[in-house]
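The values are calculated or read from the model by the stated rules, or taken from the named source; none is laboratory data. Computed from a prediction, not measured in an experiment: that's the story for all the values here. Don't worry about glycine lacking a Cβ; one is built from the backbone with ideal geometry, like all the others, and counts go over all protein chains shown.
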Amino acid sequence: MITHLSHASIYVLDQARAIDFYVNKLGFIERMKVPLGPDAFWITVSPPDQPDLEITLMPIQEGGMFQADVAKKFRELVQKGTFGFGVFECKDIYATYQELKSKGVEFTKEPTKEFYGIEAMFKDDSGNWFSLKQS
Amino acid sequence: MKPASDIHPKMYRYRRIVEAKLFIDAHYADKIDLDNISNQAAFSKYHFLRLFKSAFGKSPHKYLTEVRIQHAQKLLKSHPIANVCYAVGFESIPSFTKLFKAHTGLSPKAFSKRLQAQDQQQQAAPLTFVPHCFAKSYGWDE
């Protein structure tokens, strides 16, 4: 029986920039930073109140299953904002929205009452977008 | 649909509460207490406590302690326990040790040892930290 999700990936354009975004802007905790070569790290972060979920900040670079043309196309798609990766929950969306905006996070939707809760939307430094939700 | 912020008349209040949280983030290493923090938000102490807890789900004191412990966890990798204790704003090693253990389940000494062992393992065999599905897609396991 599967019990829960422990690791999920976000594909990023620049790992150093991404770690700054997720730790210093979103307030996540850095869990792992393991060097795997000159230009790559195994980096994971967790939301502060959910340490059993590690989000891996995966570099989009050539290697393994990513051939050069695939990596290039993938980078373009991420940069364009093609991918929405998930929903982050918060206790109070107005406070969280204010905090993240004050730290320079780019929002594409203000907190808005929806059927499933109050939702805002923001982009990370690579172009991936997320919902921010208060249930 | 109309943005909720348009119909929410108290956005200015959130700004002040957020400023108080950011004040903790910036000054956790200093000798700060509830008076400093509520002054920062320009609220009475009681009102501030209630609003902070409602916005962030924890009291400002609990949040300050968590921020200090988080920073201590990073520093323990390469600094002595006493230095870490004072560097993150605690005033006594026994209270630091007690709170650290309550938050992490380990004493600062045991935590530091675990970090050092993990560091050595990372240097010696980094791929042992990476689930195979990730390593394979990048060719890191070749």
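Before moving on, here are some points about what is shown:
- Some residue of the range A:73-84 being away from chain B (no Cβ under 11 Å) and under 18 Å from A:Asn24 (Cα atoms): no
- Counted residues, the range B:31-62 - those being in a helix (DSSP H, G or I) and surrounded by fewer than 18 Cβ atoms within 10 Å (Cβ to Cβ): 13
- Here B:Phe111 does not fit the description of being in contact with a Cys (Cβ under 9 Å, 6 or more places away or on another chain), surrounded by 16 or more Cβ atoms within 10 Å (Cβ to Cβ) and closer than 22 Å to A:Arg31 by Cα.
- Residues of the range A:31-59 that are at the interface with another protein chain (Cβ under 10 Å from one of its Cβ atoms) and aliphatic (A, V, I, L, M): A:Met32, A:Val34, A:Leu36, A:Ala40, A:Met58.
- Residues that are closer than 20 Å to B:His27 by Cβ and small (Gly, Ala, Ser) within the range B:38-56 comprise B:Ser38, B:Ala41, B:Ala42, B:Ala55, listed in sequence order.
- A:Glu106 vs. criteria in contact with a Lys or Arg (Cβ under 8 Å, 6 or more places away or on another chain), more than 29 Å from A:His4 (Cα to Cα), among the charged types (D, E, K, R) and at the interface with chain B (Cβ under 9 Å from one of its Cβ atoms): no
- Residue tally, condition over 13 Å from B:Tyr28 (Cβ atoms) and among the hydroxyl-bearing types (Ser, Thr, Tyr), over the range B:57-87: 2
- Residues of the range B:61-99 that turn out to be under 25 Å from B:Asp35 (Cβ atoms), under 16 Å from the mean Cα position of the chain (by Cα) and touching a residue at least 24 places away in the same chain (Cβ under 8 Å), as a count: 15
So that you can scan it fast, the table gives a plain yes or no per residue for (1) surrounded by 15 or more Cβ atoms within 10 Å (Cβ to Cβ); (2) farther than 30 Å from B:Phe52 by Cβ; (3) over 15 Å from the mean Cα position of the chain (by Cα):
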{"position": "A:Val34", "(1), (2), (3)": "yes, yes, yes"}
{"position": "A:Phe66", "(1), (2), (3)": "yes, yes, yes"}
{"position": "A:Val78", "(1), (2), (3)": "yes, yes, no"}
{"position": "A:Gly84", "(1), (2), (3)": "no, yes, no"}
{"position": "A:Val105", "(1), (2), (3)": "yes, no, no"}
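- Residue within the range B:118-138 that is aliphatic (A, V, I, L, M), touching a residue at least 60 places away in the same chain (Cβ under 8 Å) and either away from chain A (no Cβ under 14 Å) or loosely packed, with under 13 Cβ neighbours inside 10 Å (or both) present: no
- Looking at B:Phe90, B:Phe96, just one residue is more than 14 Å from chain A (Cβ to nearest Cβ), assigned to a loop (DSSP other than H, G, I, E, B), touching a Lys or Arg at 6+ places or on another chain (Cβ under 9 Å) and at pLDDT 95 or above, and that residue is B:Phe90.
- Count - residues of the range A:109-135 that are in a loop (DSSP other than H, G, I, E, B) and within 11 Å of chain B (Cβ to nearest Cβ): 1
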